[in-house]
Amino acid sequence: MKTILVTGSNGLLGQKITEHILRTKQFNLIATSKGANRYPVQEGYTYAEMDILNPEQALEVIQKFKPDAIIHTAAMTNVDTSHTQPELATRLNVLAVKTLVDIAASENIQFIHLSTDFIFDGADGPYDEEAEANPLSHYGKTKLEGELVVKNSAAHWVIIRTILVYGIVSDMSRSNIVLWAKGALESNRPINVVNDQWRMPTLAEDLAEGCLLAVEKGAQGIFNISGKDMMSVSELVAEVADYWKLDKSMMNEISSASLNQAAKRPVKTGFILDKAINELGYQPRSFQEGLVILDQQLKDTLL
Ligand SMILES: NC(=O)c1ccc[n+]([C@@H]2O[C@H](COP(=O)([O-])OP(=O)(O)OC[C@H]3O[C@@H](n4cnc5c(N)ncnc54)[C@H](OP(=O)(O)O)[C@@H]3O)[C@@H](O)[C@H]2O)c1
């Protein structure tokens, strides 16, 4: 059985990978993150503290557990924080990637790296894996540089690009669009939503499955992993409102220009998923299917 080491295991994707492995028992898992373990179950895997900005600690942990694959989910993931703290974003999204992928190369470990649709400018989505990148934000630039570090390394590498991930896990350090919209509309808080940005939102479980398929198949190269439905952000929020029967009159549709966000966002991203479907056996869910799964999880956590 292969052993997988996950970085950023406290995050949304990290916890979904942990959940999937504990359920399927398909791999041995070494979960690593900065600070204490926030996944609610402590048995069935090993947790080790690993700060990706600490190269000595990373080397020590990876050499101790000798994984067959590393799934590198840890990053600075907030687009606006990357804009206001550009140096930290570069350290996390570029320099730490170099540290880890070099260790993976020297220890003969498959390296699965997570990237984003924000490497594109959004002028002509949906994109395939060969499309030319042109990031608009510092976040997008650092993620593209991280990709180049991975591609130029001597490791057996995979780059998985994804889009607007949603889901729920324990003790989350940041929210996501579905939970934010649901929470605001439930408490009758008016919200501004843009109607001129298009995405293919991704259920966190689908992304976790895509990463694990890449390990299972010993894949190599770039793969797009997202949900299968393209929609504007305002359509997405309207679907959330309809699903939970919430009052859509609290939704205020606006243009991106009037939202005044710190970092610029691409207009229309979205991915062509054929490669992941054909080569990995990836099965993307629709947004409606994703909401059904999330709804059940929310009900289970209330029990
Ligand atoms: N979420 C999206 O919409 C989205 C879209 C496109 C691409 N991606 C990419 O997908 C990957 C996973 O994203 P996600 O949604 O799971 O993000 P997330 O929930 O923000 O998880 C990232 C994790 O990285 C951890 N981390 C931060 N600094 C660290 C450090 N120095 N050492 C170790 N761990 C550290 C964070 O720890 P704390 O929880 O303690 O802060 C967090 O748990 C990222 O590479 C991201 O760029 C995400």
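The numbers here are math on the coordinates, done by the rules we state, and not lab data. Computed from a predicted structure; not experimentally measured. All Cβ positions, glycine included, derive from the backbone under ideal geometry; neighbour counts span all protein chains shown.
The Cβ shell under 15 Å around GLY218 holds other residues with a net charge of -1, Lys and Arg each +1, Asp and Glu each -1. Taking Cβ atoms as reference points and 14 Å as the exclusive limit, the residues near ALA208 contribute a net charge of -2, counting Lys and Arg as +1 and Asp and Glu as -1.
Sparsely packed loop sites in segment 1-79 (the GluC sites (Glu not before Pro) outside DSSP H, G, I, E and B with at most 16 other Cβ atoms within 10 Å) comprise GLU43. Note on segment 40-141: Cα-only Rg and Dmax are 15.9, 47 Å.
Shown here are the Rg and Dmax of the Cα trace of segment 92-190, at 16.7, 54 Å. Once both labels are positioned 7 Å from their Cα atoms along Cα-to-Cβ, the gap between GLU129 and LYS98 label points is 2.6 nm. Remark: segment 144-223 projects, on average over all directions, an area of 7.6 nm² (convex hull of Cα atoms). For THR73, the residues whose modelled amide H falls within less than 5 Å of its own, excluding neighbours fewer than 5 places apart on the same chain, are THR7. Counting neighbouring Cβ atoms within 10 Å and putting the fewest first, the residues TRP180, TRP198 line up as TRP180, TRP198. Here the simple spin-label model places points 7 Å from the Cα toward Cβ, and for VAL41 and ASP196 these points are separated by 4.7 nm.
Taking every alpha-carbon pair under 8 Å whose residues sit at least 6 apart, the chain reaches a relative contact order of 19 percent.
For a quick check of your reading of the filter: which GluC sites (Glu not before Pro) in segment 71-146 sit in a DSSP loop and have no more than 13 other Cβ atoms within 10 Å?
GLU130, GLU132
The helix-based estimate of mean residue ellipticity at 222 nm for the chain, built from -39,500 (n - 2.57) per DSSP H run of four or more residues and divided by its residue count, is -11500 deg cm²/dmol to the nearest 500.
Using a cut-off of 18 Å between Cα atoms, the listed pairs LYS2/LYS217; LYS16/LYS64; LYS2/LYS25 include LYS16/LYS64 as exceeding that distance. Taking every alpha-carbon pair in segment 124-272 and binning the separations at 5 Å intervals from zero gives 2, 8, 15, 19, 20, 16, 10, 6, 3, 1, 0 percent. Distances between every pair of Cα atoms in the chain, grouped in 20 Å steps from 0 to the bin holding the largest one, split as 34, 59, 6 percent.
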